[in-house]
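Take a look at the structure set out below.
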Amino acid sequence: MNRIENAFKNKPIFMPYFPLGYPNLDTSIDVIETLAKNGADLIEVGISFSDPLADGPVIQKATQIALEQGITVKKSLAAIAELRNRGVTIPLILMGYFNPMLAYGLEKFIQDAKEAGADGFIVPDLPPEEAGEFQSLVGDLPLIQMLAPTSPNERMESIARNAKGFIYLVSVTGVTGARTSISDGLGDLIARVREHTSAKVCVGFGIGTPEQAKQVGLLADGVIVGSACVKTIGSSEKPVEAAKQFAAEFRSALQELKK
Amino acid sequence: MSTLLPPKFGPYGGRFVPETLMPALIELEQAFVDAQKDKVFRNEFEGLLASFVGRPTPLTYAKRLSEKLGGAQIYLKREDLAHTGAHKINNALGQALLVKRMGKKRVVAETGAGQHGVASATAAALLGLECVVYMGSVDIARQEPNVFRMKLLGAEVRPVESGTKTLKDAINEAIRDWVTNVRDTHYLLGSALGPHPYPTIVREFQSVIGIEAREQMLRDAGRLPDTVIACVGGGSNAIGVFSGFVDDEQVELIGVEAGGSGIASGKHAARFGDASKARVGVIHGTRTYVLQDEDGQIAETHSVSAGLDYAAVGPEHAMMRDNERAFYTSATDVEALDAFQTLCHTEGIIPALESSHAVAEVIKRAPTMKKDQVILVNLSGRGDKDLNTVIKELGTNL
């Protein structure tokens, strides 16, 4: 059983996002290790890009700082290896935009990511129509497919049919960032996705509190928390302590739903 | 998931966007294909180009400039005389009509020099659409008159403070708005850039420049030009004029990028001119030549003209460069400012700083050509918007 399948043994799972290099490289590695060891079931590890067009202000700012601090793709991959050395055993999914991966060399990027211990990829600006080259090189690691509220049924079906790992369902039409409430239509949206696939459905964009995570966790197989995680930890004087507390709160919110 | 129109230009182009936007791109492609076949739509578009934009724009023989340079005869395609002062209105009107057809009520647009923002605000006012224009705060400072123009036309201008605060960041913000409001909002993209079908749509709506210019050259000069020259930011005016001559293999097509402070300085926007920084990459939904660092981060660019100050180039230009149907060169800020003044003095025309880059290439090239040869230059816009910049750059020399 691979690490991703293993992570979904007890659903719903908690999936925080955190970018490497923010607020600096060493701290980000400590934060990700802490999230992993205090309740995260899977972590989306961010690779920074200068023009993150699917991201709201919180992640824009964090990844900008990461770049100013000198983060690179190469250092990000080395950080994944370091996390494995520190005994992190949960799945680590690399999340980033396509251009830095292309600049690194796509084949080499995928190969080096595998060797470092990554478990898959999320590339928000690589829809299925453009994913052929990536898919041909990725081998057995999944390139996670995304679905959105705007995806029509026939498109959902064709995307879901080829889904590997899990499906990343964008809960709102918009960019990343916490919202004051979970959208009313989320239940229907998840039901619509499930009509087309037996793959695991994880929901992201707009989930900011343990209470919201619980609401989503009642419906989905996984709850993705990005901006709130970055903001809470990034604004703390003691990021590692904050990460510990953040993971524990979300873990306990989802604990009673686990089956 | 096939497309109605080819989504790529050789290896360039494509649709590198978040899933949320894919259905909107598919809808837009369908609406465009249907509209192109619809006589009512085409009549309405062509009617507005005539009665509202003032097309056809004239072709002007630049007699004194030709004499001064002592070589080829020079003709100017006068997009500066189109309503709102630049070619941008052609595409803005075409897309705004598509928006009505799709039943959407709101448009967002990006702008660098402000010309596309003004054109979008104008088209939105004419057709009763809500319009929000994103503009980098650096560009707002250097193109102030256009900001007032957009506001007077009823558009909301939102300053963009992220990243480099120029065109690239304005596009990021416009796309973020579009992702958020995609159900009732159209992204009125102003250049031959971005995800499919935009590069094709923009080329088609700008092809009127080339169609008219070809007819006018045959009428006025009795022949096709030997060389067609246009400036290239994203590349919409260039692709528009080139499209009229692309099948005439003997006509040489020249695109002029922003050389900024010079290629060696690193401060420029010459995507085809700097092999050390420009590589094929993906930005704003399209695969093309992109100025970037070793790690794939998009580079800062520099040009005295806001409209050319962008790190990527339209994907069709990338293809035409590779297959050598077109050739690309650059003009520096200094050369463009010289050309600006030369055209003012010799022809009584104040060109946009963007268009001045094309004129700069004419000044280099015409003297090397014979007197019976002909250059057509696309004068994409007028320079009123640039007076503050020019006064600042030329200072006491003016």
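Computed quantities for the displayed model
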{"item": "GNM top mover of A:ALA220, A:ALA118, A:ALA131 - chain A, alpha-carbon springs below 10 Å", "result": "A:ALA131"}
{"item": "Rg and Dmax [Cα atoms of segment B:233-281; Å; Rg one decimal, Dmax integer]", "result": "13.2, 37"}
{"item": "Point-charge dipole on Cβ atoms (K/R +1, D/E -1) for segment A:3-254, about Cα centre, debye to 20", "result": "540"}
{"item": "Over the protein assembly as shown: helical MRE at 222 nm, DSSP H runs n ≥ 4 each giving -39500 (n - 2.57), nearest 500", "result": "-13000 deg cm²/dmol"}
{"item": "At most 13 other Cβ within 10 Å, DSSP loop - GluC sites (Glu not before Pro), segment B:117-198", "result": "B:GLU161"}
{"item": "Separation in nanometres of the label points that stand 7 Å from Cα toward Cβ, at A:SER181 and A:ASN162", "result": "3.8"}
{"item": "Most mobile of A:ASP51, A:ASP184, A:ASP30 in a GNM of chain A (Cα contacts under 10 Å)", "result": "A:ASP184"}
{"item": "Partner chain coverage, peptide B:175-184 - average Cβ within 10 angstrom", "result": "4"}
{"item": "Tensor-based shape of the protein assembly as shown (alpha-carbon gyration tensor, a/c under 1.5 rounded, otherwise prolate or oblate)", "result": "prolate"}
{"item": "Estimated distance in nm for a label pair at B:CYS344 and B:LEU152, the labels positioned 7 Å out from Cα along Cα-to-Cβ", "result": "2.1"}
{"item": "Per-residue average of Cβ from other chains inside 10 Å of B:281-290", "result": "4"}
{"item": "Contact order relative to length of chain B, as percent, for alpha carbon pairs under 8 angstrom and 6 or more apart", "result": "21"}
{"item": "Value of Rg to Rh for segment B:86-188 (Rh from inverse mean 1/r over Cα pairs, i.e. Kirkwood)", "result": "0.94"}
{"item": "Test item: Cα-centred dipole of segment A:40-117, Lys/Arg +1 and Asp/Glu -1 on Cβ, debye", "result": "200"}
{"item": "Cleavage-rule hits, GluC sites (Glu not before Pro), segment B:39-96, DSSP coil, Cβ neighbours within 10 Å at most 16", "result": "none"}
{"item": "Sparse-neighbourhood loop sites, GluC sites (Glu not before Pro) in segment B:199-265 - DSSP loop, at most 15 other Cβ within 10 angstrom", "result": "B:GLU249"}
{"item": "DSSP beta bridges in the protein assembly as shown [antiparallel fraction, %, rounded to 5]", "result": "20"}
{"item": "Chain A - convex hull of the alpha-carbon atoms, volume per residue in Å³", "result": "113"}
{"item": "With at most 15 other Cβ atoms within 10 Å, longest stretch of chain A clear of loop GluC sites (Glu not before Pro) (DSSP)", "result": "A:1-236"}
{"item": "Rounded to 10°, Cα long-axis angle of helix B:353-365 versus longest principal axis of chain B", "result": "40"}
{"item": "Dipole magnitude (debye, nearest 20) for segment B:282-329, charges at Cβ of Lys, Arg, Asp, Glu", "result": "260"}
{"item": "Among B:ALA311, B:ALA141, B:ALA86, residue whose mean-square fluctuation peaks in a GNM of chain B (springs only between Cα atoms under 10 Å)", "result": "B:ALA141"}
{"item": "Phi to ³J(HN,Hα) by Karplus 6.51 cos²θ - 1.76 cosθ + 1.60 over segment B:201-207, Hz, x for Gly, Pro", "result": "4, 5, 4, 5, 6, 8, 5"}
{"item": "Per-residue average of Cβ from other chains inside 10 Å of A:116-126", "result": "2"}
{"item": "20 Å-binned pair-distance histogram of chain B (Cα, whole percent)", "result": "31, 61, 8, 0"}
{"item": "Cβ-based net charge around B:ASP293, under 15 Å, with every Lys or Arg adding one and every Asp or Glu removing one", "result": "+1"}
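Every number here is computed from the coordinates shown, using simple stated rules; none is lab data. Since the model is a prediction, treat every value here as computed from it, not as a measurement. Backbone-built Cβ (ideal geometry, glycine too); neighbour counts: all protein chains shown.
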